[in-house]
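Comments concern the structure below.
The values are calculated or read from the model by the stated rules, or taken from the named source; none is laboratory data. In this text, all values refer to a predicted model and were calculated from it rather than measured experimentally. Please note: Cβ atoms are built from the backbone with ideal geometry, for glycine as well, and neighbour counts cover all protein chains shown.
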Amino acid sequence: MASSYELCCRECGKRYENQPLSICDECFSPLEVRVDLDAAKKTVTRESIAQGPTNMWRYQALLPVPDDYVPQTPAGWTPLVKAPRLAGRIGAKNLYIKNDAVCMPTLSFKDRVVAVALANAQRFGFDTVGCSSTGNLANSVAAQAARLGLKTYILVPADLEAAKILNTQVYGANLIRIDGNYDHVNRLSSQIADRFSWGFVNVNLRPYYAEGSKTVGFEIAEQLSWRLPDNVVVPMAGGSLITKIRKAFKELIALGLVDAKDVRFFGAQATGCSPIARAVKTGADHIEPQRPSTIARSLAIGNPADGIYAAKAIRESGGWAEDVSDVEVVSGIQELAETEGIFTETAGGVTTAVTARLYAHGRIKPDELTVTCITGNGLKTTDVLAGAYEQSEAIRPRLTDFENYINEIKELNELVSGGVDVR
Ligand SMILES: *Cc1c(COP(=O)(O)O)cnc(C)c1O
Ligand SMILES: [Zn+2]
């Protein structure tokens, strides 16, 4: 059973009945969902959650969906794995990875936010939904809308990765490529949502959408046996995910499901689009928009909707933000794959490289329990690895050919230090 919830202005506190609305009509600040935690406290226990399904809907009582909502998409409940080999490389001792590279159905954490947004699209009676997207959101809206039989219009920057375009079109969505960057796409989407009365998951349904990200935080706590970590490292695009993981931890504390603890939040961006990291580093009280130029397309939002709230959350928590170059992003992808067997997309390369830097600079101490959030799958951004690996000549299927081949490699490795060690 879901608890009661409503919309509330983040700045002036004005309350609104549930409706497809994301901006306060009094002060033009963003609206947010408030779940009635006092009501939830009466029914939600560790045991009641444990009896729920092994997906994000085990936290249904803490999500903004109607009481009688029957979940349609089993997203979430992704692995939280200890990462000893990556830890060894970067000077960490107690490092975990929250692996949303394998979130279902479309291999990114966006499946969580879309599941909640589309539940509300249906509740409000929309037969057509859409989004503006840097790629992963497009994939997830297209897939989940197909399953629900909703019509779908998706707007993306024209230069998006081929895999992310294909992974949207295959579901039968109408994909509209816009000649511009994400911020142009997003502005147009707001105008379309008004004009056509469509449910845009990250525009007029945004307050509901954003709550889906809380499930990353709920899962981290439950998977640590109902404990909070010392630190969390989170990639930032619009800046929503990082604020919602923090909100999730606060809700769990308020509900008495975990002991109170001040968790530090660390934000990760690519230098080529780092407006939030910049604000944290300079101590600015506003976000200076940037024109994105980075291979980390899924994080390339130059004017982030929740940027100021993300910067504030990081600062209040005693955390920090870092940004890394595109070269470091690719190394981060390779390092995570080689040490932990997890193939992440560019956003995960950003997070891995930033995590390494936070240890190197002493911002995170080795013994602290740290969770780094890997949010998307490497199969969607293979273009950034093009040319990184040579293909050897094919050999004949004979043992002698294989032996010759191995001997050649050994000789080569003796010449080239740092090559593959073939014993
Ligand atoms: C969208 C996205 C993010 C960031 O999400 P925000 O809530 O907009 O900050 C991180 N990682 C990946 C892979 C994404 O697609
Ligand atoms: Zn307001």
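Taking segment 31-56 as the range and being surrounded by 14 or more Cβ atoms within 10 Å (Cβ to Cβ), more than 22 Å from the chain's Cα centre (by Cα) and part of a loop (DSSP other than H, G, I, E, B) as the test, the residues that pass are Val44, Gly52. The single condition from (1) over 18 Å from Val113 (Cβ atoms); (2) buried (at least 20 other Cβ atoms within 10 Å of the Cβ) that Ile245 fails is (1).
Within segment 82-113, being of a type in the set (A, V, I, L, M, F, W, C), touching a helix residue (DSSP H, G or I) at 6+ places or on another chain (Cβ under 7 Å) and either at pLDDT below 95 or surrounded by fewer than 19 Cβ atoms within 10 Å (Cβ to Cβ) (or both) holds for one residue alone: Met104.
Is it the case that segment 97-104 has a residue that's within 13 Å of ligand 1 (Cβ to nearest atom), within 25 Å of Glu6 (Cβ to Cβ), in contact (Cβ under 8 Å) with a residue 12 or more places away in the chain and of a type in the set (D, E, K, R)? No - not one qualifying residue is present in segment 97-104.
Checking every residue in segment 224-231 against the condition of being of a type outside the set (S, T, N, Q), over 22 Å from Pro20 (Cβ atoms), away from ligand 1 (no atom under 16 Å from the Cβ) and crowded, with 18+ Cβ neighbours inside 10 Å gives at least one match. Note on segment 299-342: residues that are in contact (Cβ under 8 Å) with a residue 60 or more places away in the chain and more than 24 Å from Ser240 (Cβ to Cβ) total 3. Name the pairs whose Cβ atoms lie under 6 Å apart, with the first residue in segment 22-49 and under 25 Å from Asn202 (Cα atoms), the second assigned to a strand (DSSP E or B) and more than 16 Å from ligand 2 (Cβ to nearest atom), and 6 or more positions between them or separate chains? From segment 22-49, the pairs are Val33/Tyr5; Val35/Tyr5. Restricting segment 2-30 to residues that are surrounded by 12 or more Cβ atoms within 10 Å (Cβ to Cβ) and either within 16 Å of ligand 1 (Cβ to nearest atom) or aromatic (Phe, Trp, Tyr) (or both), the residue that is farthest from the chain's Cα centre (by Cα) is Tyr16.
Can you name every residue in segment 265-294 that is in contact with a Gly (Cβ under 8 Å, 6 or more places away or on another chain) and either in a loop (DSSP other than H, G, I, E, B) or surrounded by fewer than 20 Cβ atoms within 10 Å (Cβ to Cβ) (or both)?
First pass over segment 265-294, keeping only residues in contact with a Gly (Cβ under 8 Å, 6 or more places away or on another chain): 265-267, 273, 275-277, 279-280, 287, 289-294.
Across segment 265-294, the qualifying residues are Ile287, Pro289, Gln290, Arg291, Pro292, Ser293, Thr294.
Taking segment 84-191 and the helices (runs of 4 or more DSSP H) fully enclosed by it, the elements with 3 or more residues that are charged (D, E, K, R) are at 110-123. What about Val232, is it closer than 22 Å to Arg315 by Cα, within 18 Å of the chain's Cα centre (by Cα) and outside any loop (DSSP other than H, G, I, E, B)? Spelling it out, Val232 is indeed closer than 22 Å to Arg315 by Cα, within 18 Å of the chain's Cα centre (by Cα) and outside any loop (DSSP other than H, G, I, E, B).
Residue under question is Tyr208, and the condition is that it be modelled with pLDDT under 95 and of a type in the set (Ser, Thr, Tyr); does it hold?
Working: modelled with pLDDT under 95: no; of a type in the set (Ser, Thr, Tyr): yes.
The answer is no for Tyr208.
Per-residue answers, yes or no, for (1) under 19 Å from the mean Cα position of the chain (by Cα); (2) closer than 23 Å to Lys110 by Cβ; (3) of a type in the set (Asp, Glu); (4) within 16 Å of ligand 2 (Cβ to nearest atom):
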{"position": "Tyr309", "(1), (2), (3), (4)": "yes, yes, no, yes"}
{"position": "Ala321", "(1), (2), (3), (4)": "yes, yes, no, no"}
{"position": "Val329", "(1), (2), (3), (4)": "yes, yes, no, no"}
{"position": "Gly378", "(1), (2), (3), (4)": "yes, yes, no, no"}
{"position": "Asp383", "(1), (2), (3), (4)": "no, yes, yes, no"}
{"position": "Glu390", "(1), (2), (3), (4)": "no, no, yes, no"}
{"position": "Glu393", "(1), (2), (3), (4)": "no, no, yes, no"}
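Checking each residue in segment 292-346 for being among the small types (Gly, Ala, Ser), within 22 Å of Ser133 (Cβ to Cβ) and more than 12 Å from ligand 1 (Cβ to nearest atom) picks out Ser293, Gly302.
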